[in-house]
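J.: If you scroll down you'll find the structure; I have some questions about it.
The values are calculated or read from the model by the stated rules, or taken from the named source; none is laboratory data. From a predicted model like this one, the values you see are computed outputs, not experimental measurements. No Cβ is skipped: glycine too gets one built from the backbone with ideal geometry, and neighbour counts run over all protein chains shown.
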Amino acid sequence: MEELSVKSINELSASQKAGFFALVNEYLPGSSQEKMKRYSERFTKGFVAIIKDDEVAGVAFGWLRSVENPDDDSFMLDGIAVRYDYQKQGYGKLLLSAFEKAAADYGAPSVSVGSACGYVERFYIDCGYVPVQYKIWENDAPVIEKVFSGIEDYYAYERKNGEGFVVMEKQISAE
């Protein structure tokens, strides 16, 4: 029988930790390994993995934004990925739910994420996230191009820059 569990990074075996970072390297190549390793020690609950039959099937990770931006008290989802052979089976929602619980454990009032377009944005919306802003890159820095007034505004907005991303947020309750 297949065994499935969600664990924080400090609960993983050495081989599972290696699998965690290998999956990130493969599916989320823009992630900073140095930053991840540093923050994974500080925010262990915010680094979660789905373990199926003792192997890493998916990961989600992030940290309090206030570490880098003192004016923002949200918990940032920096990355989420599910191995291709496990996609469309509810693992992404399971990871996101575990990540949101971790964010609440750290006292964050919300989770925020920057998302590229397409199915990923639909995934976040389906999970209760609200599009807040559309940002584009100018001189290697994100600049707000549009602030959304609601979901209708988000759907009606025509993106002029394909290199931008949507900032989404979900309110959570700390328990």
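J.: Need a quick list: strands (runs of 3 or more DSSP E) entirely within region 52-165 having at least 1 residues that are more than 19 Å from residue 32 (Cα to Cα).
T.: By residue number, 55-64, 110-115, 130-138, 141-147.
J.: Restricting to region 41-73, give me the number of residues that are at pLDDT below 90 and touching a strand residue (DSSP E or B) at 6+ places or on another chain (Cβ under 6 Å).
T.: 1
J.: Kindly indicate whether any position in region 46-63 is without any contact (Cβ under 8 Å) to a residue 12 or more places away in the chain and either under 25 Å from residue 172 (Cα atoms) or not assigned by TED's automatic domain parsing to the domain that holds residue 165 (or both).
T.: No.
J.: If you don't mind, another one. State the number of residues belonging to region 76-112 that are among the polar types (S, T, N, Q) and either within 16 Å of residue 173 (Cβ to Cβ) or in contact (Cβ under 8 Å) with a residue 60 or more places away in the chain (or both).
T.: Qualifying residue count, region 76-112: 3.
J.: Then there's this: The conditions are (1) within 24 Å of residue 40 (Cα to Cα); (2) surrounded by 14 or more Cβ atoms within 10 Å (Cβ to Cβ); (3) in contact with a Leu (Cβ under 9 Å, 6 or more places away or on another chain), and residue 107 fails exactly one of them. Which is it?
T.: Among (1) within 24 Å of residue 40 (Cα to Cα); (2) surrounded by 14 or more Cβ atoms within 10 Å (Cβ to Cβ); (3) in contact with a Leu (Cβ under 9 Å, 6 or more places away or on another chain), the lone unmet condition for residue 107 is (2).
J.: I'm told residue 93 meets every condition in (1) among the basic types (Lys, Arg); (2) within 14 Å of the chain's Cα centre (by Cα); (3) surrounded by 15 or more Cβ atoms within 10 Å (Cβ to Cβ) except one. Can you identify the failing condition by its number?
T.: Answer for residue 93: the failing condition is (3).
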